[in-house]
Each structure stands twice: as C-alpha cells, then as structure tokens.
Amino acid sequence: MRGLQVANATIRYGELVAVDDVSFTVAPGEIVALLGKSGSGKTSLLRAVAGLEPLADGQVCWDGQDLKTTPVHERGFVVMFQDGQLFPHLNVAKNISYGLSKWPKPQRQQRVSELLELVKLNGHEQRKITELSGGQAQRVALARSLAPKPKLLLLDEPLSALDRKLREHLVAELGTIIRATHTSAIYVTHDQYEAFTIADRIAVMADGKLLQLAAPLELLLRPADRAVSRFLGQEEAIGSS
Amino acid sequence: MTSASAPGRMAAKVSLRTWSVAAGVIPIVFLATFFIWPMLTLVGRGFVNAEGFTLAEVSSVFESARTWRILGQTLLQASVGTVVAVLAGIPGAFVLYCRSFPGRNLVKALVAIPFVLPSVVVGVAFRALINEQGPLGFLGLGDSFVSIIAALVFFNYSVVVRTVGVLWSRLDPRASDAARSLGATRFKAFITITLPGLAPAIAAAAALTFLFCASAFGIILILAPANYGTVETEIYYQTTQLLNLPAAAALSIVQLVIVTATLIVSNIARSRNETALKLRSDENTQPLRVADWFPTTITALVGFGLLAAPMANLVWRSLHTRSGFGLGNYAALAVVSPGMAASVWQAILNSLMTATMAMGIAVLLGIQVSYLLSRRPKTKSGRRALNLLDSVFMLPLGVSAVTIGFGFLITLNRPPLDLRTSWVLIPLAQAMVALPLVVRTLLPTWRAISPRMREAAASLGSSPAGILTRIDLPYLSRGIGLAIGFAFATSLGEFGATSFLARPDRPTLPVLIFRLISRPGAENFGMAMAACVVLAALTGVIMALAEWIGPKTTGWV
C-alpha cells in the first residue's frame, strides 16, 4: 500500500481525548484537508503524523511501514506552520536550503532559485526574513518546505495569519504549486473556502472524531449526518429534504 | 530523505538526553559545592558551641540593640536607594528607549557602564567628589547617608532604565493616544494608562535594585560614616575583626530572608512582565520632541550631574599631585610602594588573569543553566521544579559576597577539597557572583527560540544535535557578547569575596585600591584615584564593546 496510512489514531492529554480513533489514508500526490473548528483535534492529528506528538493508540504508516520508532527528522514529512516559523537569523536563501544540507552546493543553489521562481519571489535570495511581508513570508515558508522534496507536506493553518483577500488568492496558488510538484499533502484548516479550494478529499473533524471523509462535491451533496451538514452550514438546505 | 538505521537513531536520542542531563547536573554540582555547601557550613557554625547544638549564640545576636540598628539601616538604605533610582530612572527609560536622537546608542552604552563599575571605583569617585578637597566639599556631606544613596543610585540607574525602557518601547502608544483624545492631559494619560502598563517592569527593576542596595559592600566600606553599618558590612566586621561566627551566621540568615522575600516578589513581577512582553515584538520609537522637555531635562540632569560628574572629577583629580598638575599618580602605579606587596600594574595582571578564568567558568555554566531554565516542561511539577531552580541560581546575586568568600575559607580548606592555598579559589568565587548576571542575560535569547521553530527544523530533517548547532547556537551567539562582558566586568571589579581570598602578596586591583585608601596620606589617595581610573577604563571598554556587539534590547528581567 502506497502513501500514508493512519489507523485508529488516538491522542490523549491526561484525561482529555484530543483525537479519538481516527483512520484515513493519503494517496501519492493527493491533497487531503482536515477541516474542523479549533479544538476539534485536527492540529494534534497533524502533529502526530509529523512525529511531534505521541500516539496513545493506533499507527501512522508510510508505504505500509509503521513509523512508531522513526523520529521527526527522519520521516521526510515537512511541517509548514501557521506563522511560517522562518529562521530569523538566516536570509531567504539559507532558510530555503535549510533542509538541503546533504545536497552538493551547486544543486542546492539551483534548487533554491527553482523554488523562488515557483513561489514567484525570483531574486529575493539575500533578503532578510524581517523585511518580508506576511504573504511573502508564507511563500518562503512554502518554498522551504518543498525544497527537500518531502514525501508528505503537512500544512497547519498556513494562511490563517493573513487577511481574507490575500488568503483567497494564495490558497489557489498554493494548490497549483503543490500539485505541480506532485507532493502528497495534509492541509489543516478551519476555513471551508480553503478546504474546498485546495483539497482532493476533505476530512471533517469535531471533538476528536472523524465525521466524514469525502471529495468536496460529495460532501456537499451527501453529508454523512446532521453534524456534518450543520458544520458546513447547510442544515436548512439539506435538513429539510 | 533516507531513513537511518535503528542504532543511529538511538545514538541521536541518547546524546540529546546526555546533553540535557549534563546541562542540569554540572551547574547544580558546581552550585552545591561552591555556594550552598560553604554557605550552610558558615551558617551551621552559628548553631554550635563547645557543648554541641545551641540556639543561645544566635539568639543573643537578636537580643542586641546593635543588630536591630544595623537591620534598620540596611532596610532604610535599600528602600531609599530603590525609590530614588526608580524615580530617576523612569524618565531616562522614556528618553533612551522610546525616543530616537543622534547618538542614542552611544548614550545607552554609556549609561550602562556605572552598573558594572567596580564598587571600590564608585566609592573612591564619590569620596573624591565630596571630601574636603573635592568640588562638593563645601556641602559638608563628607561620609554620610546622602553620599551612600547617591552612589547606590549611580549604580542602579541603568538597571531601572534598561528594564523599564525595554517594556516601554513595546507598549502600544495608541492606548495613551486614546486617553488623550478622550480629554486626558499628558500627565493624566501617563499616570492612568502608561504607568500601570509599566508596572511589571518597574516592580522587577525595583526588586533587583533593592537587592543590590541591600547587599552593597565596597561602597559602604568606603563611604559610610562612623557607627553606620549594614548587614553585609556587619558580617564582614564580625567575622574578620571579632571572629564572632555565631553573629555572622545569624546575620547571614537575616540576609537570606531578605533576599528570598525580594526574589519571590521579583519572580511574580517577572512572570507578569514576560506575558506583557508578548504583546508587541517590534520597538516603537519616535524622534525626540520639544514636548518631551520634562523627561529630557531630568535625564540630562541625572546623566551629567550624577553619572558623569563623579567620573570626570575622578579623572581630573587623579591628575593632581602634591607637586602640581601631572601624571605623577600614574607613574607611581608601576612602583611597589612601601608596605604593599605588589605594584598596581602587577595587581592589574592578577586581576585580568583571575577575571578571565572566572568569566570562562561563569559563561560556560551560564549557557547550560539558561538553556535549562528556558525549557518549557509539560507537567506542572516540572514547571515548579524549574521555577525553584531559577530562584536558586539567582541566590548568589543577593547573598553576601562576603559570605561566599568567608564560606570558601572555612569549607574548602580540608580534604576532599583543599584549595586553601590555591589562587583558583578567587576565580571560583567571582564566577559564583557573576553567574546570575550571565544567566539573566542569556535567558531572553534562549526564550526567543520558539518550540515551533525547533519543530520546523526537525521536520526539515535536522536531528536534535543538528537543531542545537544550526538553530540554538547561532541564536545564542547574539546574546553571548553581552554575557561575556558582564561576567568579565563583574569578576574584574569583585571585591567582597575576593577581599577574603586574595593572598597578601597577590592582590587583585580592587583589593589593592582598598588597601591604598585605608592608609593615610594624599599620595596614597592620589594613587588610588589613578588606579581607579585605569580599572574603570578597563571595565568601561569591555562593557562598551559588549553592548555594541550584543543585541540592543536585552531586558533585565
């Protein structure tokens, strides 16, 4: 079995069950959105896939192989955080090449300019991180995440810190760029617009449970239950039928 | 992206754990050996007499009126010093941190210097200003309470300016703008909006200043009038002059209580302060305006009158000899004067050597301790343990340096650790005194690295060791300059502990200066002034360099 398989994942913080028996898969090249309100467990689930959060129960597998003993830095899954977490002591080029330390230097430089072109920031190699606008910073963060050709890209509310207009513009661009690189991705968001724009399939989460996992159109037409349709704000339209 | 073999992974995990454990254990062992053990031994002596354990000796200390007078003088001196320093420092914080003008960074660097000046230098400088030959001699202040307070404020002004200024520059000015637009005067907006916002920083600065004022030693020894004493000088007097260990032990306990109470207050203030700092990460400065005349005038008065004048006068008077204006006092520095074991130049060499060693020890330990204290444990008990550790490592800041010095003498004088005759004792004691400053300087740097940033680096393929070398250490290099400067300057000027430990034939410069001024004669005082100028210049250059290299906004929190 190729790609990511998450089986019966459960995460506990003391008494609280943050993620409750969730299973799903991400096929090679596929973008899956985890959609839910804050506190629904979507970010915890993403962190568990990255290896940043231990599972109380269940498995995270890649190509059928359990990753339980594989530490974060050896998984090849890159996390892109909401606030980018660019390294302020490094310039744009050095941020992007951070994950390329094992590459020979000429290839590294070429990869950096390739990615800057991809995110439309050509020629910004030497810029300081502190001089970037919010949108530019997230483009650099995306370039940095894609540079080492990750097996899986994990995006944690990557656009939430930006204003609405920029967000709507960037989410489409983000999708185009990720697809152009044939990278598998999990996209965590609380914003339906973003989820429906970028994802091949959407997983709706509430209270740590996975309510439904389906393609966007199917989700709209055939919500699994009231909870999903309520979440999608379509209760009136669908509830009466 | 290849996956490494299982043993490789284990090795990475083990080495990180080893590092973390070492980071905790080495400084704790060091602190236990060179601080807690000597201190407990000294205190313990107070409870033992020929018949064994007894409270009689200690309780007799508390029955004496002298003890209560000394305690009262200590608290009064610390309270007055703190209030004056805070009142003088607030306008300075505004002018130097919220307003921009040409040369601001230079002024900031200059203002930071008094804090690290050796206490003997400050004592001599103020004495040269107010004694009968001095320009302020006509005031008849001589050795008085006023001159002590002036010297204490001189010392602690920059603590207030820095701590309050860093927070002030990050307060959102729109809150006070809103108050103004609702009809508040500038003064009312300041009192009702800005001041409450600054409260955590003011409280933290006041607590720290209080500690420094309560435990001042060199200044009191040089400037105090007859019959005046503080807990710190009394410990010195009781141990060295009367060999009355029970009294010293009782006073050490009193001091420990004062320090602990102040640290608790400071800790509470600091945790509130750090939450407040999250509000804004960029500085907010505007050009200096005519409307800022009031704080600007105060700052200029304090800057020239209190900070610059004593130092300028010290330099000026050091150029006067009995035979007239000239460099005679400086020429005398090369000569071993009668009754002295070493020349001033030899003492400078001794000082530089011990201070370099002390700096090395303090910075190495400080890096480990601050790294440990910057961790954010997930469990409640973990956080509590870390808070306790935080306070323990601050203790040497308020506990008498005299206690440290004397404790060394009576503990490290027999196996398993017999260092009695070793000059290593001096750098060890100086490192203990400098350690809290190093830790406080480095902590904000470590804390600036968010856990998310480390996670991002890990997900990009960095092993724990890789994160340490590629994220943590480059970050640390920003704060390390200032830490090195503080450690070096503090060790260079350390007097309390060193006065106990320096061998007569190998004095450090502050010890030699104190010997010079303890002897009568204008020549001796002239030489002391010249030596003070040299010591101040050394310290000033070191600090100015450190301030210039280091980040501009490290707060004293």
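Exposure proxy check: B:98, A:61 ranked by fewest other beta carbons within 10 Å?
If I rank by nearby Cβ atoms, fewest first, I get A:61, B:98.
So for chain B, Kirkwood radius off the Cα pairs, Stokes-Einstein at 37 °C and 0.692 mPa s: how many µm² s⁻¹? Intermediate values should be presented prior to the final figure.
Details: Rh = 24.9 Å.
D = 132 µm²/s.
Extension gain residue B:413-residue B:40, at 0.36 nm per residue separation less the Cα-Cα distance, in nm?
Working: separation 373, 0.36 × 373 = 134.28 nm, distance 1.51 nm.
Difference between extended and current length: 132.8 nm.
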With labels modelled as points extended 7 Å from the Cα through the Cβ direction, what inter-label distance (nm, one decimal) is found for residue A:23 paired with residue B:87? 7.5
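Lys and Arg at +1, Asp and Glu at -1: add these up for the other residues within a Cβ distance under 10 Å of residue B:255 and post the number. Could you put the intermediate results ahead of the total?
On the way: positive: none; negative: B:232, B:234.
Net charge around residue B:255: -2.
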Taking the Cα-to-Cβ direction at residue A:222 and at residue B:264 and moving 7 Å from each Cα, how far apart do the two end points lie in nm? 6.7
In peptide B:448-458, how many Cβ atoms from other protein chains are near each Cβ within 10 Å, on average? 6
Give the distance, in whole Å, between the Cα centre of the range B:35-54 and the Cα centre of the range A:189-208. 68
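Take every residue in peptide B:461-467, count the Cβ atoms of other chains within 10 Å of its Cβ, and give the average of those counts. Please list the in-between numbers first.
Values: counts 13, 5, 4, 3, 0, 3, 1.
Whole-number average of other-chain Cβ neighbours for B:461-467 is 4.
Report, to two decimal places, the Cα Rg of the protein assembly as shown normalised by 2.2 N^0.38 Å (N = number of residues). Provide the component values of the computation, followed by the final result.
Details: Rg = 31.7 Å, N = 798, 2.2 N^0.38 = 27.9 Å.
Normalised Cα radius of gyration, the protein assembly as shown: 1.14.
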Please arrange B:127, A:230 by counting, for each residue, the other beta carbons lying within 10 Å of its beta carbon, fewest first. A:230, B:127
Neighbour-count order for A:166, B:211, A:132, fewest beta carbons within 10 angstrom listed first: A:166, A:132, B:211
P(r) of the range B:187-244 over all Cα-Cα pairs, 5 Å bins starting at 0, rounded to whole percent, reads 4, 16, 16, 15, 10, 9, 8, 9, 7, 3, 2, 0
Shape parameters for the range B:64-154, alpha-carbon atoms, Rg then Dmax in Å: 16.3, 57
Per residue of A:84-90, what is the mean number of Cβ atoms on other protein chains within 10 angstrom of that residue's Cβ? 5
Translational diffusion of the range A:1-89, µm² s⁻¹ [Kirkwood Rh, Cα pairs; Stokes-Einstein; 20 °C; 1.002 mPa s]: 154
Two-decimal ratio, the range B:431-557, of alpha-carbon radius of gyration to 2.2 N^0.38 Å: 1.47
Whole-angstrom gap from the range B:487-504 to the range B:381-409, using each part's C-alpha centre: 19
Please compute the contact order of chain B in relative form: average sequence separation of alpha-carbon pairs under 8 Å and at least six residues apart, divided by the residue count, as a percent. 23
Going by Cα centres, the range B:211-247 and the range A:1-39 are how many Å apart? 67
Taking the Cβ-Cβ separation of residue B:343 and residue B:144 as r and a Förster radius of 41 Å, what is the calculated FRET efficiency to the nearest 0.05? 0.75
Summing -39500 (n - 2.57) over every DSSP H run of at least 4 residues in the protein assembly as shown and dividing by its residue count gives a helix-only mean residue ellipticity at 222 nm, to the nearest 500 deg cm²/dmol, of -19000 deg cm²/dmol
If I build a Gaussian network model for chain A, linking alpha-carbon pairs within less than 10 angstrom, which residue out of A:69, A:189, A:197 has the largest mean-square fluctuation? A:69
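Quick note: the coordinates plus some simple rules give every number you see, no bench work behind them. The model shown is predicted, which means the values in this text are computed figures rather than measured ones. Heads up, the Cβs are rebuilt from the backbone with ideal geometry, glycines too, and the neighbour counts pull from every protein chain shown.
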